[in-house]
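This report concerns only the one structure given below.
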Amino acid sequence: MTEIPKIALKGLRKRFGSKQVLQGVDLNICAGESMVVIGGSGTGKSVMMKCILGLIAPDAGRIEVDGVDVTHLKGRALAAHQARFGMLFQGGALFDSLSVWRNVSFALDQSRKGADLRAAAIDNLARVGLGAEVADLRPSELSGGMQKRVALARAIAPRPEIVFFDEPTTGLDPIMADVINDLIVELVRDLKITALTITHDMASVRKVADRVAMLYAGRIVWHGPREGIDATGNPYVYQFVNGRAEGPIKMAVRGG
Amino acid sequence: MRGIAHDAVGVLSAIGGFVIGGLAAIGRMSKFAARALGHAVLPPYYPARLLEQILVIGYFSLPVVGLTALFIGSALVQQIYIGGSRFNAASTVPAVTVIGIVRELGPVLGGLMVAGRVSSAMAAELGTMRVTEQIDALATLRTDPYRYLIAPRLVAAVLVMPILVLVANIVGVLGGFLLATGRLGFNSANYLNTTMEYLKVEDVVSSMVKAAVFGFFIALMGCYHGFRSTGGAAGVGKATTNAVVSAFIMILLSNLVITVLVFGT
């Protein structure tokens, strides 16, 4: 591979107590592509994401962004690293004590004038299909789908290079899930961001992914282009994609 | 014999485990406190958050602290009067009351009441933010959670507690004064004169120092337990309980240490 990947994980390991969650994850994500990591609950997808963001320190292995080692950053260097990312959290993680526009403009320069920040927030809300009338509401006054959209607007507001999506469609009805998937595709294309999505929603995978990787038992067991997921010959991917109870994946099904 | 030896080893290892666990917790708390304090002195600052916390911790604690001091001050005077009368020493009531309130009861009871109100609320709020990933979200939104959440709470509590305790001291003495003059027949001018005569600068200073230290522990325990909470609603409940209990213990322990250091020699 001649091109330096945007994000490269090399032998990433992490354990919590006696549970080895990541057992040597190797993954490359190229600039401008949309990578989707699939895998059952508890296979370490979120842990992997939080390691890249510097929220969890890995036990071993290397994380590189643009070829630079970012595994053990601290202080200002860590803050500068985190500022390159936006993240859509599974539950939205909106600040419930702040209004919608305060949430959306949270990562913008707070020395700017209030009216200026509010206008920037409304611009970003428009990007996710929400009108100015929600700007002064509290997050608790919004439906689940609208909260997800506000969280999406907040994640993209500072125009990060890389955006992570943690289970973007979980808890939404199929139509709203599709709306969110469309938004992700649109944002990745228009804002030219590198995207990493973790999900177990196959509809989301088929819509959002350029490439797909499958995480099982703390390792990437398969990766390839989206078109390849139906004909991999990989028993893990086959079982997951087709949602079969029978197959090599046992642990995750029983909530191990 | 073997059974007894086995039991003894079991007991010893349980004690050892408890001690090691306790020391590890103290280490984690110290690290947390050092990190929060380091962030409190370095920019960026969040003045709006600080003002909000001063209001929440200070202003809204005034009623509960004031009432506590009023009731305890009055009850104290009644008991000192009964005890003092047995030795024909009822005239010591104002002196003993003011020393008792300013040196011990004002700061300790004020601290405990604020801890009950504030440590629990901080642990519940930060715990909920933790389990709903709002704290992780801060880090991805160019904001250091220690600076934004912890530092304003610690600074506000340390600044505001001395003022609250000052109020508690004044109200406590006033409560005693009202009972003494209204019920026990003390002359009001004499009572106030004696009170002022026995009140020393070092009493007030030690009272304020205690208050600031208690404020630090109130915010530290609330933030520490909230910040580290895991596992949904039950985890937040546990964090809240631990915050209040550990804040109480730290207040009573540090009170003893300061009292012995200042007055014990």
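Bear in mind that the values in this text are calculations on the coordinates, not laboratory data. From a predicted model like this one, the values you see are computed outputs, not experimental measurements. For neighbour counting, all protein chains shown are included, and Cβ atoms are generated from backbone atoms with ideal geometry for every residue, glycine included.
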For this session: Work out the P(r) tail for chain B: percent of alpha carbon pairs separated by more than 23 Å, whole number.
Result: 59
Exercise. So, in Å, what gap is there between the alpha-carbon centers of region B:233-265 and region B:178-197?
Worked result: 34
Seminar exercise, completed: One quarter of the C-alpha convex hull surface, i.e. the mean projected area of region B:1-135 in nm², amounts to 16.0
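Sort the following peptides by mean Cβ neighbour count (other Cβ atoms within 10 Å, averaged over residues), highest first: A:51-57, A:35-41.
Working: A:51-57: 19.9, A:35-41: 22.0.
Output ranking for A:51-57, A:35-41: A:35-41, A:51-57.
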For this session: Would you mind listing how long region B:105-224 runs along its three principal axes, going by Cα atoms, in whole Å with the largest first?
Result: 65, 27, 16
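Where in chain A is the longest stretch that carries no GluC sites (Glu not before Pro) classed as loop by DSSP and with at most 14 other Cβ atoms within 10 Å? Can you show the working numbers first?
Values: sites that count: A:Glu3, A:Glu246.
For GluC sites (Glu not before Pro) (loop position, at most 14 other Cβ atoms within 10 Å), the longest site-free span of chain A is A:4-245.
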Problem set entry | the protein assembly as shown: radius of gyration over Cα atoms, expressed as a fraction of 2.2 N^0.38 Å | 1.24
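Please compute the net charge surrounding A:Met176, taking Lys and Arg as +1 and Asp and Glu as -1 over other residues with Cβ under 13 Å from its Cβ. Numbers along the way, then the final one.
On the way: positive: A:Lys148, A:Arg149; negative: A:Asp173, A:Asp178, A:Asp182, A:Asp201.
It works out to a net charge of -2.
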Exercise. How big is the gap, in Å, between the Cα center of region A:120-163 and the Cα center of region A:182-228?
Worked result: 22
Seminar exercise, completed: Log10 I(q)/I(0) at q = 0.10, 0.11, 0.15 Å⁻¹ for region A:1-120, from Debye over equal alpha-carbon scatterers, is -0.40, -0.48, -0.83
For this session: Before rounding to the nearest 500, sum -39500 (n - 2.57) across all DSSP H runs of length at least 4 in chain A and divide by the residue total; then give [θ] at 222 nm in deg cm²/dmol.
Result: -9500 deg cm²/dmol
For this session: Using all C-alpha to C-alpha distances in region B:58-99, build P(r) with 10 Å bins and read off the rounded percent in each one.
Result: 28, 39, 22, 10, 1
For this session: For peptide A:73-82, compute the average count of partner chain beta-carbon atoms within 10 Å of each residue's beta-carbon.
Result: 2
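How many partner chain Cβ atoms sit within 10 Å of a residue's Cβ in peptide A:54-60, on average, as a whole number?
Values: counts 2, 5, 1, 0, 0, 0, 0.
Neighbouring Cβ atoms belonging to other protein chains average 1 per residue here.
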For this session: Sum up the charges of everything whose Cβ sits under 14 Å from the Cβ of A:Phe89, counting Lys and Arg as +1 and Asp and Glu as -1, but leave A:Phe89 out.
Result: +1
Problem set entry | Between helix A:144-156 and chain A: long-axis angle, C-alpha atoms, 0 to 90°, nearest 10 | 90
Exercise. Which of A:Ser140, B:Leu112, A:Ile229 sits closest to the plus end of the dipole of the protein assembly as shown, meaning its Cα is farthest towards the positive end, when Lys and Arg get +1 and Asp and Glu get -1 on the C-beta?
Worked result: B:Leu112
For this session: Work through the residues other than B:Leu112 whose Cβ is under 14 Å from its Cβ and net out their charges, Lys, Arg +1 and Asp, Glu -1.
Result: +1
Problem set entry | 29 Å Cα cut-off, lysine pairs counted over region A:1-118 (separation 8 or more, or different chains) | 16
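Please average, across the residues of A:89-99, the number of beta carbons from any other chain that are within 10 Å of each residue's own beta carbon, and give a whole number. Kindly include the intermediate steps, with their values, before the conclusion.
Details: counts 6, 2, 5, 4, 10, 3, 6, 5, 4, 0, 0.
Per residue, the number of nearby Cβ atoms from other chains is 4 on average.
I need the helices of chain B that pass two filters: whole DSSP H segments spanning 27 Å or more by Cα along the axis, and mean Kyte-Doolittle score no lower than 0.5. Intermediate results must be reported in sequence, preceding the final value.
Details: long enough: B:2-41 (58 Å, 0.95); B:62-85 (34 Å, 1.41); B:151-182 (46 Å, 2.04); B:201-227 (39 Å, 1.26); B:232-263 (46 Å, 1.71).
Span-like helices, by this rule, are B:2-41, B:62-85, B:151-182, B:201-227, B:232-263.
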